[in-house]
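The values are calculated or read from the model by the stated rules, or taken from the named source; none is laboratory data. Owing to the predicted nature of the structure, the values given are computational and were not obtained by experimental measurement. Here the Cβ positions follow ideal geometry from the backbone for every residue, glycine too, while neighbour counts run over all protein chains shown. All accessible areas refer to the heavy atoms of the entire protein, side chains included, with ligands and DNA or RNA removed. Shrake-Rupley method; radii C 1.70, N 1.55, O 1.52, S 1.80 Å.
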Amino acid sequence: MSDPKETSLTPQTSLIHSSYRAPDGFEAFPVGIHHASTVVFPNVEAMRSREWREKLGYTYGLHGTPTSFVLEARLAEIEGGNYCRVTPSGLAAIAMVNFAFLKSGDDVLLPDNVYGPSKDLGQWLERDFQITARFYDPMIGEGLADLIMSNTRLVWTETPGSVSMEVPDIPALCRAAHARGVLVAIDNTWSAGLAFKAFEHGVDIVMQAVTKYQSGGSDVLMGAVVVRDQALNEKLELAHMRLGFGVGMDDVYLVLRSLSSMRLRFEAHDAAARKVATWLKQRPEIVSVLHPAFEDCPGHAHWKRDFTGAGGLFSVIFDPRYVEEQTDRFVDSLRLFKIGYSWGGAHSLCVPYRMRGMRREWMREGQLVRFNIGLESPEDLIADIEQALARM
């Protein structure tokens, strides 16, 4: 067949097969957005010899384009890892880890304060896939060793618990698991990989909800899994392929555009959250402020030892004299705070939780409400909380 560039093409074909090629040498700060389902090969030999798992070339859009490869490399660098795969959501990243390292007959341990959908996923694995999912006290430390069985393959951790805010002793949990040859995975979303270096504290697999601080705009759903070990990465790559996890390159670009400001935003969230939390701690309506940087938060000593920052997420417990109807009225009365899940965006959020339905051994009295402190003025946020408390 003759080269289309050397023949006269009909207008319709010219719309599809243009002979124009942009000149080489363009360089700019933004990463280019490369969309693709089909990836074009120069010849049959290249098609047959290219290996999708090695990231040395491109085979199909599902496995990545230059745009997603750049994001994955940068997310790995932030965590101090060597390999990364992005997924359509944080929960997808959790699922990918589970399906990469668990099979029927295996056992997985999850902290009782784990992210709710992760807990539900574990129960689904047990019900339909014959994978035992057991829940442990997140503050158990090296006592985890007593729970590990011969078929335990994976221990999940989360620091802190994204609602109840306990900070577990991650190094102790890792020592207990590794002594029995068990892998440890962590949901490191709260710290964005900035305030807690999970690999340096013994973790094998780091999961992030890139939806949060990495995006920063409350407009992207994405997850990521990072590892240092090549053998672990190979299993994750296969799970990623078999589950068919792909992400849109426009979303990848939005995250890439936000990464350069992530540390500045994280520190601004942190400073504002501590200011609001300190004010709340003085209020008679509040009996406890669950903020890891505060001395009376469970696991504060672990936070002080292992973390360099705190971000914008914390919870409070209202005095037991206030019933759910009253704390719901408080949340409904907020004007700047919006009611919604997630965190890490510019807008402040507030959500009430029914803890006795979430935690097996939750013994604390009083209604729990979680705050995400955005990038508004903390003085305005405090004024908003104050007027809502008056309406309660």
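A few notes on this one:
- Scanning the range 261-277 for residues that are of a type outside the set (D, E) and under 18 Å from the mean Cα position of the chain (by Cα) turns up S261, M262, R263, R265, F266, H269.
- Residues considered: I382, I373, I317. Of these, the only one that is β-branched (V, I, T) and out of contact with any helix residue (DSSP H, G or I) (no Cβ under 7 Å at 6 or more places or on another chain) is I317.
- Scope the range 219-232; condition touching a Ser or Thr at 6+ places or on another chain (Cβ under 7 Å) and surrounded by fewer than 24 Cβ atoms within 10 Å (Cβ to Cβ); matching residues: V220, L221
- Among (1) more than 16 Å from the chain's Cα centre (by Cα); (2) at pLDDT 95 or above, the one test that L75 misses: (1)
Residues checked against (1) closer than 14 Å to K103 by Cα; (2) open to solvent by less than 20 Å² (accessible area, probe 1.4 Å); (3) in a loop (DSSP other than H, G, I, E, B):
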residue	(1), (2), (3)
R134	no, no, no
G143	no, no, no
D146	no, no, no
L154	yes, yes, no
P160	no, yes, yes
S164	no, yes, yes
V167	no, yes, yes
L173	no, yes, no
A177	no, yes, no
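- All positions within the range 315-327 that are more than 21 Å from the chain's Cα centre (by Cα) and under 28 Å from V220 (Cα atoms): V316
- If only residues of the range 103-132 that are more than 22 Å from A209 (Cα to Cα) and assigned to a helix (DSSP H, G or I) are counted, the one that is least open to solvent (accessible area, probe 1.4 Å) is F129.
To keep it simple, each residue is scored yes or no on (1) open to solvent by 70 Å² or more (accessible area, probe 1.4 Å); (2) closer than 18 Å to W190 by Cα.
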| site | (1), (2) |
| --- | --- |
| E234 | yes, no |
| M241 | no, no |
| G244 | no, no |
| R257 | yes, no |
| D270 | no, yes |
| R274 | yes, yes |
| L280 | no, no |
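- Conditions (1) open to solvent by 30 Å² or more (accessible area, probe 1.4 Å); (2) within 18 Å of G64 (Cβ to Cβ): number failed by R265: (2)
- When P138 is tested against the conditions (1) open to solvent by 10 Å² or more (accessible area, probe 1.4 Å); (2) under 27 Å from R356 (Cβ atoms), the lone failure is (1).
- Of the helices (runs of 4 or more DSSP H) lying entirely inside the range 41-102, those carrying at least 3 residues that are within 21 Å of G193 (Cβ to Cβ) and open to solvent by less than 10 Å² (accessible area, probe 1.4 Å) are 66-79, 90-101.
- Selection of the range 27-57 for residues being within 20 Å of M241 (Cα to Cα), in contact with a Ser or Thr (Cβ under 9 Å, 6 or more places away or on another chain) and of a type in the set (V, I, T) yields only V39.
- In the range 268-285 there is no residue matching the filter, namely being assigned to a strand (DSSP E or B), hydrophobic (A, V, I, L, M, F, W, C) and in contact with a Pro (Cβ under 9 Å, 6 or more places away or on another chain).
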